[in-house]
Amino acid sequence: MGLVVSGQHGLLEICTRVLSIDDSIRFVGRIKDRKVIAFARHPNKKPLLDSELGDLAHYYASFKASMEEMFDGPLGKTNWMITAKEKVKLVTLFLDDGLLIFSIETDADHDKIIKKIQSLNMHL
């Protein structure tokens, strides 16, 4: 099974590069204006959600991120948030113009992966 990707070329490159930094990464998506504008999925990992639930999960990540903005004044800007489920960890990185979302295996070191993503020499 090959790599599953969708989106504009430059954004696809970002998603596939992030996907390649750690084998525990299942999915990477770039969200802008509450819509996934590019994504890449690990070729050897079966999606846990169907298309409809996947779309809802991406919208929900955007909604939760917008709720976080209420606390930016008193607490400072949110850098990232994580939801740990029984079967997967869902991570949201806050960018200047949207979000980078990704899912990883439950035993993955999310701190290490986030630091690797943040140190990439490219505009996310």
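Taking a straight Cα-Cα cut-off under 16 Å and skipping sequence neighbours fewer than 8 places away in the same chain, the lysines within cross-link reach of Lys77 are Lys64. Going by neighbour counts of Cβ atoms within 10 Å, the residues Leu93, Leu53, Leu75 line up, fewest first, as Leu75, Leu53, Leu93.
Panel note: the C-alpha atoms of the stretch 51-107, placed on their principal axes, show extents of 34, 26, 16 Å (largest first).
Over the stretch 4-118, the fraction of Cα-Cα pairs per 5 Å bin, rounded to whole percents and listed from the shortest bin up, is 2, 11, 24, 26, 22, 11, 4, 1, 0. Shape class for the stretch 82-124: oblate, because the ratio a/c of the largest to smallest gyration tensor axis (alpha-carbon atoms, square roots of eigenvalues) is 1.5 or more and b/c is at least a/b.
Throughout, read-outs are computed from the coordinates displayed, never taken from laboratory work. If you're wondering where the values come from, they're calculated on a predicted model, not measured in any experiment. No Cβ is skipped: glycine too gets one built from the backbone with ideal geometry, and neighbour counts run over all protein chains shown.
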